[in-house]
């Protein structure tokens, strides 16, 4: 599964909900239909080599904030700290194997797998495979616009 499929899923979600008429595309990236070319995504590289590409941040006509990003965790990289989210997340694994730790559980997900993280879940994901892990995070609602 690649980032384009995840972006299509996010776009379909946005289109199904309709677009806000009062907002312009300069104020809200989800105010109108559009494509988000991979080469135009902003890349931030962490000191440990992990990369994060921002895809889109906006608000659906129904009021939910949405943020989409792609993350790459190199092999052996320490995961982000255990944290609690104030939004919902869908994580689509493109490459590698992630371990999703939450609620006293550890679950592994490989390419094509999906992780759902509910509002208020204390969790983290880490690369437990032998290749870089790439995954798309779709945040919906709550503080996703931050």
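Table for the structure above
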item: Descending semi-axes in Å of the stretch 45-146, equivalent ellipsoid built from Cα gyration tensor; result: 22, 15, 12
item: Neighbour-count order for 108, 52, 69, fewest beta carbons within 10 angstrom listed first; result: 108, 52, 69
item: Projected label distance in nm at residue 106 and residue 27, using a 7 Å step from Cα toward the beta-carbon; result: 4.8
item: Residue 44 paired with residue 83, simple spin-label distance in nm, labels 7 Å along Cα-to-beta-carbon; result: 0.9
item: Residues 60, 30, 119, sorted so that the one with the fewest Cβ neighbours within 10 Å comes first; result: 119, 60, 30
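Read the figures in this text as sums done on the coordinates, not as results from a lab. Remember, it's a predicted structure, so these values are computed and weren't measured experimentally. Cβ coordinates were reconstructed from backbone atoms using ideal geometry, including for glycine residues, and neighbour counts include every protein chain displayed.
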